[in-house]
Each structure stands twice: as C-alpha cells, then as structure tokens.
Amino acid sequence: MYYYQLRAFHAVATHGGFSKAARKLNISQPAISDQVRKLEGWFNLRLFERKRRSVVPTELGFRLFEITKRMFEQEKEAMELLSESEALRTGSLRMAADAPMHSVNLIGAFRKAYPGISITLRIGNADEVLSSLYEFNADIAVLADVPDDDQLQLIPLRTDPLVAFVDVSHPWASRRKITLKELCSQPLVMREAGSKTRMTLETELSARNLEFEIALDADGRAAAREAVAAGIGVGVVSQAEFGFDTRLKSLILSDCDGTMTENLVCLKERAKLRTVAAFWEIATSHVN
C-alpha cells in the first residue's frame, strides 16, 4: 500500500535531495515531493528537515531509512534472482577495502571469469569499511579488523608482519632491522584513529610499557607515506602494504609480534547473492 511513498522517501534520503531523487527514479520533482508529503500526512509526522539547498532526515527519518535500506536491498536481490544477472552475464558488485593491494588481484581474477559484472571499490579505514557492510553500502569487503559477529562470514586471505619505514636520508636507512624500543626513540607518523595498523602497533608498545611521541596523525596510507618521505617521522605499515617507493626504506621490527591478517568479509544474509557467491569462490581458490 505504501510502496511508492516509501520508494520516494528512500530515494530522497539516499541522494540528499528531491531533485536528485527525482532524476534517479525518472519522475518529476513535484511527483516525488507529493509522495513524501503523503507519507508524512498519513502518519502526521515529519521525515525530513527541509533546508535551503538540501534535506536531512529527522531522527525518525533516519530510523525509517535503516528499514528501507534493507527493504530495497531485498528487492534488489529478488530482481537479481529473476534477471539475466542470475547467470552472471550482467550485474554489479560493490566492494570496500582497507587497502587496494589486497583486493585488486582478486578483482582481476573475478573480471576474467565474469567480464559482464561491473565492480566499484572504495578504500577506507577498518571502521569505515565495516560500516559500509552493515549499512548495505558494500556487498563484500576486505579488511584486517573483523569483529566476532555472527552476522559476518569471512575467509583469511594473508597474514603479514608490521614493518617500520624511513626516508632514504634517515640514519637508519642503511640498517636492516630495528627494535620497538629504538622505534620509540623517534617521532612517529601514525595512522588515524580507527586504523588497524595503528591499533596493532599501540598494543605492541603498550605491552612493553614503551612511550612514544606522535609527530603526525596521517589520514590514510598515502598521507603517512608522504609525511615519512618528507622526513617528519618514522612510519609503520604491514609488510604487504609497503610496496615500492625509491624515497623510502623498510625496516624489520625484530621484536614485534603483531601481525595484520586481511580477510574477505560479507554479511551472511548476502552470501548467497550470485555475484557475492561467485567472488567468494574465486577468492577461495586463490587462497587455497
């Protein structure tokens, strides 16, 4: 009974405005505004705060939005089942990852097997990637920090130690390894709060009662890399993520037990989606 009104509400909440929502649904702006007004009128409530250039859901609107996300994701699943994408000739897959290097090889293998499936990949820290799964903004994710949650299904992809890195003009650039105590004698370039790399390093240092000085909080790996290259401090990253940069030198942390395990993760309720299941099969064959 309320399908079209809920669809209009969901589109406005998703796109942040009536005009964008109308274009997405291929209907007029007055029509979509009317559907939302009807929904509000029937229940005598407000779902949006109308501002000059945008609309923002009210508290109740946000709660309804969480429900409509699930509602229209289920509709999408139903249509996928009935459409050509069931045979994986067409369709899409949304991925989120805490680093691109753990994802691109899998994406390449998947695209070879299913060239008709388009893939989007968004990069963020562990908190952001996990949120994208729970909020149905990603179908599948690759990340290190996976909570113990019965809603999640995962397979480990690889495990790597932490390494320090310095610019090539640093006195340590000629060395092969350092200790954690030595690391703490230098100003550190740390990843942002929510980064699994930072949490792992801080756990290691805390276990040894080592104090450290943070020279810079860097938002993302690229920012940390540039800061270290500029001589601001010493950085730490998982060995797999160090990559190759002629400006930088990696150093083994000889007494560090902390490791980073990257996992492929999805919500169990979405694991049977054809695209997710196919990607999972490709990933499993690469791990094994």
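The values are calculated or read from the model by the stated rules, or taken from the named source; none is laboratory data. Just so you know, these numbers come straight off a predicted model, no measurement behind them. Here Cβ is always computed from backbone atoms with ideal geometry, including for glycine, and neighbour counts include all displayed protein chains.
Got a sec? Which of Glu281, Glu211, Glu204 is assigned to a helix (DSSP H, G or I), charged (D, E, K, R) and more than 23 Å from His102 (Cα to Cα)?
Exactly one residue qualifies, and that residue is Glu204.
Looking only at region 145-175, which residues are touching a residue at least 40 places away in the same chain (Cβ under 8 Å) and within 15 Å of Val234 (Cβ to Cβ)?
Leu162, Val163, Ala164, Phe165, Val166, Asp167, Val168, Ser169, His170, Trp172, Ala173, Arg175
If a residue must be outside any loop (DSSP other than H, G, I, E, B), closer than 24 Å to Ala223 by Cβ and not β-branched (Val, Ile, Thr), how many such residues does region 133-157 contain?
Final tally of qualifying residues: 2.
Criterion first (surrounded by 14 or more Cβ atoms within 10 Å (Cβ to Cβ), outside the structural domain of Glu128 (by TED's automatic domain parsing) and in contact with a Cys (Cβ under 9 Å, 6 or more places away or on another chain)) does Leu205 satisfy it?
So Leu205 fits the description; yes.
Consider region 227-258. How many of its residues are outside any helix (DSSP H, G or I) and more than 18 Å from Ala126 (Cα to Cα)?
21
Please state which one of Val163, Val234, Val228 is under 28 Å from the mean Cα position of the chain (by Cα), under 20 Å from Leu143 (Cβ atoms) and at pLDDT 95 or above.
On the way: Val234 fails: under 20 Å from Leu143 (Cβ atoms); Val228 fails: under 20 Å from Leu143 (Cβ atoms).
Every option except Val163 fails the conditions.
Criterion first (part of a helix (DSSP H, G or I), within 26 Å of the chain's Cα centre (by Cα) and not assigned by TED's automatic domain parsing to the domain that holds Ser238) does Ala31 satisfy it?
No; evaluated as a whole, the condition is false for this residue.
Does Lys38 fit the bill of being part of a helix (DSSP H, G or I), more than 22 Å from Gly116 (Cα to Cα), over 24 Å from the mean Cα position of the chain (by Cα) and at pLDDT below 90?
no
So which of Ala193, Ala222 ends up being surrounded by fewer than 15 Cβ atoms within 10 Å (Cβ to Cβ), modelled with pLDDT under 95 and closer than 20 Å to Thr259 by Cα?
Ala193
Of the residues Ala138, Ala99, Ala109, only one is more than 19 Å from the chain's Cα centre (by Cα) and of a type in the set (A, V, I, L, M, F, W, C); which? Please lay out each step first, then the result.
Values: Ala138 fails: more than 19 Å from the chain's Cα centre (by Cα); Ala99 fails: more than 19 Å from the chain's Cα centre (by Cα).
The match here is Ala109.
Could you check how many residues of region 53-97 are more than 20 Å from Thr120 (Cα to Cα), of a type in the set (Val, Ile, Thr) and either part of a helix (DSSP H, G or I) or at pLDDT below 85 (or both)?
2
What are the residues in region 228-244 that are without any contact (Cβ under 8 Å) to a residue 60 or more places away in the chain and buried (at least 20 other Cβ atoms within 10 Å of the Cβ), if any?
Gly233
Of everything in region 259-275, what is surrounded by fewer than 20 Cβ atoms within 10 Å (Cβ to Cβ) and in a loop (DSSP other than H, G, I, E, B)? Give them in sequence order.
Scanning region 259-275 gives Ala271, Lys272.
For residues that are modelled with pLDDT of 90 or more and closer than 27 Å to Arg70 by Cα, tally how many sit in region 98-116.
Looking only at that region, the number is 3.
Criterion first (of a type in the set (Gly, Ala, Ser), buried (at least 19 other Cβ atoms within 10 Å of the Cβ), in contact (Cβ under 8 Å) with a residue 60 or more places away in the chain and more than 30 Å from His10 (Cβ to Cβ)) does Ala109 satisfy it? Reasoning before the result, please.
Numbers: of a type in the set (Gly, Ala, Ser): yes; buried (at least 19 other Cβ atoms within 10 Å of the Cβ): no; in contact (Cβ under 8 Å) with a residue 60 or more places away in the chain: yes; more than 30 Å from His10 (Cβ to Cβ): yes.
No.
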